[in-house]
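Worksheet: one structure, shown below.
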Number of protein chains: 2
Amino acid sequence: MIRKNRLFTPGPTQLLPSAQLAMAAATMHHRTAEFRALYSKVLADLKTFVGSKNDVVMFTASGTGAMEAAVSNLTSPGDKVLVVTAGKFGERWESLAKAYGCQVDSVRAAYGETVSPEQVKAALKPDHVALYMQASESSTGVRHDVEGIARLLKGTTTLLVVDSITGLGTTKFDVDGWGIDVIIGGSQKAVMIPPGLAYCAVSDRAWQRMESTKNPRYYFDLRKERKNGAKGESSYTPSTALVAALGAALDYIREQGGGDLATGSDLLIRNAETAAAMTRAAAQALGLKLFAASSPGAALTAITSPEGVDSSDIVKAFRNHFGAVVANGQGEMKGQLFRIAHLGFYDYLDTIAIIGALENVLAGVGRKVELGAGLKAAQQVYAQSSASKATA
Amino acid sequence: MIRKNRLFTPGPTQLLPSAQLAMAAATMHHRTAEFRALYSKVLADLKTFVGSKNDVVMFTASGTGAMEAAVSNLTSPGDKVLVVTAGKFGERWESLAKAYGCQVDSVRAAYGETVSPEQVKAALKPDHVALYMQASESSTGVRHDVEGIARLLKGTTTLLVVDSITGLGTTKFDVDGWGIDVIIGGSQKAVMIPPGLAYCAVSDRAWQRMESTKNPRYYFDLRKERKNGAKGESSYTPSTALVAALGAALDYIREQGGGDLATGSDLLIRNAETAAAMTRAAAQALGLKLFAASSPGAALTAITSPEGVDSSDIVKAFRNHFGAVVANGQGEMKGQLFRIAHLGFYDYLDTIAIIGALENVLAGVGRKVELGAGLKAAQQVYAQSSASKATA
């Protein structure tokens, strides 16, 4: 059969066609009233999408750029910080904090596991100026307990910084209620557009902290971006095409919510949860093990490669036979697992389709598979979900 | 008459349609053989476009990101640097170097003027670790004497860093022969695609310098990007869509050069030079003054607003009557001048057209204009140029 190139990777994710077209057609200059109106609308919509009253700032960069901003703006050399890490992105927080001269304490869990609030409680000290963590660790598929960890920080001066690059649009956060000081997202994730924009919502106490911190920052200066953002501008030439795409994507999410962006954003989370539940059930029905056994998130499902099978062969088979791009393990995890994304623009048909492909791929790498068993399990999950009832 | 929205701004510039379509159609994941091949080709093509044997690295960021990289990677806190400044982008070098704790000496000229090598010679000290300058100061339209200044640095340990964001594709550089240690470009300029990618070519002695410099860098770490670039990868998720667009644009420049990218790149420079010469002649024939009187570059023409006329009214008239977006002055220069771009995707028809619009706009703001005088002067320049002969 013919093959369509389709991304099932946890970023870049599948692209929204109306956003692709908006991107191609965008010919705006960034210092015009037309662009200012778009930029202001996108920043306001991102607040709704994030679910926070805090000001949102945006950078032309990958998500790592906003992570760097959360380190360089909130710390001074020598500051003590606490990092929660159980994967490649947790390790990125450690590297970033060290690059900016911080003393880094880490709370660690094995790849595929989650760090518990109890572990964090034992490690947290009053002189930790910030705690850095992931909401969703994209390298393992684990969801960390942001709410539980946030509760520990109440009444302390430790700022809570959450890389939610694959958490937004897949997990419900009460950003302001829980007290998340910085929550970070990226364009190539649940918002369905190509990579190149990063954004974050920043709390009052984080803004205050920046008045005294001493690490250098220029391109990723949060206060400068906030000041210019209030005028509908970015400090430096923004990726105008991607901003147009993001505007179109947020409009789509609003439409999905019947004209209400907050409703559409919640629906997107439930959509990812349903796709993830279907995929997990299918994998287990096919005798596979989830890599994130105890706390799998809805952004992606990480599946442990069957014994004796290199996951690189599974990834190749998906591509070569079906045009479907799934992700291998990262770093030391390469060969051990593969990852199927659910965040953003994946619907029921995409989910059923990739599960069908999974059954074939497993048979192809010599695994004994009852064809249809994974699909049946997925169907049962869907039939019992609120998703099926909502549209009945 | 109907109005088409057309950018005559020195970045973003007019977009190449094949690049817009490549951008919209790009659905690659960045960790695939297909994308690695594209990325490697783009990096190799950029070396040819820049005209250097030095390795090129690319960042998902505006040009300012690569400027920051040239400061954070090449200096340590307390280092003395020399900045050549005669406009808003020169001032950006000063701010950047200060943000990274450098002691900044500046060689300054008034807006619209150029800094001479003699001035630089008088200010240069053996302990300046780097000299930062623009090739083309986009805020005033001035072209600085990169070759003359480079000559002063021969035999010294001062690194030469040239922001050539509007210089590349508009000025011929002998990057390796003159000894430019870092030369910086951006996507939304002569390479005809939207903003969001910055690139730079870095010399051996600049790579060596980075082994001992102490300023923090993470997202803009040049050595990490170089190492990953050699494998066809970027350190962090790149703007895949913009990389696809850049690939298409470099292919277009190659085609224009009859299948040779270096020839196409030279042709692009001569193209901008011809468009700039036509525009300057037209402006002068219409009794206008060039803002960059002594050393106007080919990236753009900055024209002083006629006495008693706010250039904001000229910018508005271009937009409202003709859909043409020209740039106002930046910062304190707002209201005093307007800027018409020539870098990148502007041909003979575009150039004649904007000059026609200029005559009408001037008449509209109450200036006495002999309609056709500017056009005639432009035609004469074109007729005498090698451009007209090359296609005769």
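The values are calculated or read from the model by the stated rules, or taken from the named source; none is laboratory data. Everything quoted here is computed from the prediction, not taken from an experiment. Because the Cβ atoms are built from the backbone with ideal geometry, glycine has one as well, and the counts that use them run over all protein chains shown.
Considered as a group, the residues in segment A:68-80 that are outside any helix (DSSP H, G or I) and out of contact with any His (no Cβ under 7 Å at 6 or more places or on another chain) include one that is nearest to the other protein chains (Cβ to nearest Cβ), and that residue is A:PRO77. Cβ-Cβ distances below 7 Å connect no pair with a first residue in segment B:155-177 that is under 17 Å from B:ALA276 (Cα atoms), a second residue that is surrounded by fewer than 24 Cβ atoms within 10 Å (Cβ to Cβ) and aromatic (Phe, Trp, Tyr), and a separation of six or more residues or different chains. Among the residues of segment A:357-392, just one is hydrophobic (A, V, I, L, M, F, W, C), touching a residue at least 40 places away in the same chain (Cβ under 8 Å) and surrounded by fewer than 17 Cβ atoms within 10 Å (Cβ to Cβ), namely A:ALA373.
When segment B:324-337 is filtered for residues that are in a strand (DSSP E or B) and within 13 Å of another protein chain (Cβ to nearest Cβ), the ones remaining, listed by number, are B:ALA324, B:VAL325, B:ALA327, B:ASN328. Taken over segment A:288-305, the criterion of being surrounded by fewer than 17 Cβ atoms within 10 Å (Cβ to Cβ) and out of contact with any Asp or Glu (no Cβ under 9 Å at 6 or more places or on another chain) is satisfied by A:LYS289 alone.
When the criteria are applied in full, A:VAL57 meets the requirement of being assigned to a strand (DSSP E or B) and among the hydrophobic types (A, V, I, L, M, F, W, C). Within segment A:94-152, the set of residues being under 24 Å from A:ASP174 (Cβ atoms), within 14 Å of another protein chain (Cβ to nearest Cβ) and assigned to a loop (DSSP other than H, G, I, E, B) comprises just one member, A:SER138. Taking the listed residues A:ILE340, A:ILE354, the one that is touching a residue at least 60 places away in the same chain (Cβ under 8 Å), within 23 Å of the chain's Cα centre (by Cα) and part of a strand (DSSP E or B) is A:ILE340, with no other qualifying.
Has segment B:291-311 got any residue that is more than 19 Å from the chain's Cα centre (by Cα) and part of a helix (DSSP H, G or I)? Yes, segment B:291-311 has at least one match. Within segment B:210-228, being in a helix (DSSP H, G or I) and surrounded by fewer than 20 Cβ atoms within 10 Å (Cβ to Cβ) holds for B:ARG223, B:LYS224, B:ARG226, B:LYS227, B:ASN228. Screening the candidates A:ALA201, A:ALA206 for the property of being more than 14 Å from chain B (Cβ to nearest Cβ), closer than 17 Å to A:VAL42 by Cβ and modelled with pLDDT of 95 or more yields one hit, A:ALA201. Among the residues making up segment B:335-347, a single one is farther than 12 Å from B:PHE8 by Cβ and out of contact with any helix residue (DSSP H, G or I) (no Cβ under 7 Å at 6 or more places or on another chain): B:ASP347. Please enumerate the residues belonging to segment B:83-93 that are over 16 Å from B:ASN215 (Cβ atoms) and not in a strand (DSSP E or B). Within segment B:83-93, B:ALA86, B:GLY87, B:LYS88, B:PHE89, B:GLY90, B:GLU91, B:ARG92 meet the criteria. Could you say whether any residue in segment B:81-90 is crowded, with 17+ Cβ neighbours inside 10 Å and within 13 Å of another protein chain (Cβ to nearest Cβ)? Taking every residue of segment B:81-90 in turn, at least one turns out to be crowded, with 17+ Cβ neighbours inside 10 Å and within 13 Å of another protein chain (Cβ to nearest Cβ).
Residue under question is B:VAL309, and the condition is that it be crowded, with 20+ Cβ neighbours inside 10 Å, within 26 Å of B:ALA86 (Cβ to Cβ) and among the β-branched types (Val, Ile, Thr); does it hold? No, not satisfied.
Let's see how each residue does on (1) out of contact with any Lys or Arg (no Cβ under 8 Å at 6 or more places or on another chain); (2) over 24 Å from B:GLN188 (Cβ atoms):
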{"position": "A:THR13", "(1), (2)": "no, yes"}
{"position": "A:ALA24", "(1), (2)": "yes, no"}
{"position": "A:ALA33", "(1), (2)": "yes, no"}
{"position": "A:MET67", "(1), (2)": "no, yes"}
{"position": "A:ALA110", "(1), (2)": "yes, yes"}
{"position": "A:SER116", "(1), (2)": "yes, yes"}
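Just one of the numbered conditions (1) more than 14 Å from chain B (Cβ to nearest Cβ); (2) free of Cβ contacts under 8 Å to residues at least 60 places away in the same chain; (3) part of a helix (DSSP H, G or I) is not true of A:GLY258: (3). Give the residues of segment B:1-31 that are hydrophobic (A, V, I, L, M, F, W, C) and either surrounded by 16 or more Cβ atoms within 10 Å (Cβ to Cβ) or within 14 Å of another protein chain (Cβ to nearest Cβ) (or both), sorted by residue number. Passing the criteria: B:LEU7, B:PHE8, B:LEU15, B:LEU16, B:ALA19, B:LEU21, B:ALA22, B:MET23, B:ALA24, B:ALA25, B:ALA26, B:MET28. Name the residue that is nearest to the other protein chains (Cβ to nearest Cβ), counting only residues in segment B:32-54 that are out of contact with any Ser or Thr (no Cβ under 6 Å at 6 or more places or on another chain), surrounded by 15 or more Cβ atoms within 10 Å (Cβ to Cβ) and not in a helix (DSSP H, G or I). Within segment B:32-54, the match that is nearest to the other protein chains (Cβ to nearest Cβ) is B:THR32.
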